[in-house]
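Notes for the one structure printed next.
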Amino acid sequence: MGSIKSLLLKHLRAQTTVEEQMVIDAWLAASEANRELFAELNDPELVARSLEKMDRLHEDQVWERLQAHSAGERAGETIERVGAAGETGMGKEGSGIGSAEERIGKEGSSVGVNSVHFPRRRWWVAAAVIFVLLGTGVYWVLHNRAQQQIASTQHQRFRNDVAPGRNAAILTLANRQNILLNSQSSGSISRQGNASITNAGGQLVYKELQKQPTEILYNTLTTGRGNQYQLALPDGSRVWLNAASSITYPTTFTGAERKVAITGEVYFDIARDAAHPFIVQQKEMSIEVLGTQFNVNAYVDEDAVKATLLEGSIKVVKGSGLSILQPGQQAILSRDNAPIKVADHPDVDEVMAWKNGIFRFNDATIESIMREMERWYDVDVVYETRVSQHFIADVPRDVPLSELLKLLELTDQVHFKIEGKKITVIR
């Protein structure tokens, strides 16, 4: 029948059977602590206003933190879960994120009330996900009154907002000519060797015109900070470039291998060709594949290079070291001479978040979050204070920078100031 935790979470969504409800009733009768735990969740007005479109419920985290709160733990270090993975319409029109009032709820309300009778309201777990502040078992809901008090200063700090990144890149041809690309421009661009090049809808497409020996020409596609782009190679393989990334490739593949070189972060969906392995070269490693899907994060300002396999199989080589990955594994290459480390259970959703149009922070430091902000919003970050807390959040990438910073500020552990292209981390 499942654990009491899973039964209670089903109860929150009004999905329990008669037998399951009997188990819950017995659990409630067992102790006052159990009844108090229920009472902590009983405020329908708050939930109805706080979240209407939540679709991912992280049950284990919610349950553990609510139990900790019921037990009376009251530390001050906090982390907040904001949003749902993949959710792009969470309230505020045009931004994908709800306003502070929509997310926080009725002034003066809190998660706990005195009643021990728990109504069958499906949004309670979702609300808990939003407002449970993880890390030490403490949670609270910030009230509208507090938000009103900081509204004027927040307006001043965020008056110079920054737009999100866009589809744009620079194509460098073999003759070193640079062509600016974006999602608004379309049509034929050039012919390079045996390949035609067209641009449409934020994707650069190469098509081989004829099968015959020809001079090997190399092109490079580069995204700056605040840009992303897609590429279809002449063999049918597809490539996604995150911000501040590049890929260098031949305009047609000849010989026994299909070889490209990258910087930054790139996702590959490789066309299968057993006779011609696909080789991805990066400064510190190479990856060999036949047909597969994988992501490579090789930003120079990150602690390690990470290759994450989603489908198929890849061989990761660093010096004399070699690792063969299976789907769901991640190869981690530190910046020193340490051997390749393989993680069996990386957070694939976090790895793929950028390609899926969201930021996913899973126990992330403020420094790692700000590095992503620098790349996607093309800003520079300055620290007036250090923040020890870690954060958990899922936020769409298509929102202005101020919206994301305001959500992080809901934890009351960090604040920000926007001045042109400079973001200052303050307390």
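Just so it is clear, none of the values below were taken in a lab; they were calculated from the coordinates. Quick caveat: nothing in here was measured; it's all calculated off a predicted structure. So basically every Cβ, Gly included, is an ideal-geometry build from the backbone, and we count neighbours across all protein chains shown.
Each of Val348, Val316, Val300, Val162 was scored by other Cβ atoms within 10 Å of its Cβ. Arranged with the fewest first, they read Val300, Val348, Val162, Val316.
In sequence order, the stretch 254-268 has phi-based couplings of 10, x, 7, 10, 10, 10, 9, 10, 10, 9, x, 10, 9, 10, 10 Hz under the Karplus curve 6.51 cos²θ - 1.76 cosθ + 1.60, θ = phi - 60°, and Gly or Pro positions carry x.
Please arrange Lys341, Lys318 by how many other C-beta atoms lie within 10 Å of their C-beta, fewest to most. Mind showing how you got there, number by number?
On the way: Lys341 13, Lys318 19.
Fewest to most other Cβ atoms nearby, the residues stand as Lys341, Lys318.
The phi-based Karplus calculation (6.51 cos²θ - 1.76 cosθ + 1.60; θ = phi - 60°) puts the 3J(HN,Hα) values of the stretch 308-315 at 10, 9, 9, 8, x, 8, 9, 10 Hz, whole numbers, x for Gly and Pro. Under a 5 Å amide H cut-off, with hydrogens placed 1.01 Å from N, Gln192 pairs with Ile197 among residues at least 5 apart or on other chains. Restricting attention to the stretch 201-334, close to 85% of DSSP beta bridges with both partner residues there are antiparallel. Taking amide H positions as modeled 1.01 Å from N, with prolines and chain starts lacking one, the residues under 5 Å from Val382 and 5 or more places away or on another chain are Ile423, Thr424, Val425.
Once both labels are positioned 7 Å from their Cα atoms along Cα-to-Cβ, the gap between Arg191 and Ile279 label points is 3.0 nm. Spin-label model, Asp161 to Gln177: label points 7 Å out along the Cα-to-beta-carbon direction sit 4.0 nm apart. Of Val395, Val205, the sequence from fewest to most neighbouring Cβ atoms within 10 angstrom is Val205, Val395. Separation of the alpha carbons by more than 24 angstrom is noted, of Lys259/Lys283; Lys306/Lys406; Lys315/Lys341; Lys318/Lys355; Lys306/Lys422, for Lys306/Lys406; Lys318/Lys355; Lys306/Lys422.
Under 37 °C and 0.692 mPa s, how fast does the stretch 313-388 diffuse according to Stokes-Einstein, given a Kirkwood radius computed over C-alpha pairs? Answer in µm²/s, whole number. Intermediate values should be presented prior to the final figure.
Numbers: Rh = 14.9 Å.
Answer from the Stokes-Einstein relation: 220 µm²/s.
Seen through its C-alpha gyration tensor, with square-root eigenvalues sorted a ≥ b ≥ c, the stretch 173-262 comes out prolate because a/c lies at 1.5 or above while a/b is bigger than b/c.
Could you compute the net charge surrounding Val348? Neighbours are other residues with a C-beta less than 12 Å from the C-beta of Val348; K and R count +1, D and E count -1.
On the way: positive: Lys306, Lys355, Arg360; negative: Glu311, Asp344, Asp347, Asp349, Glu350.
Neighbour charge sum, excluding Val348 itself: -2.
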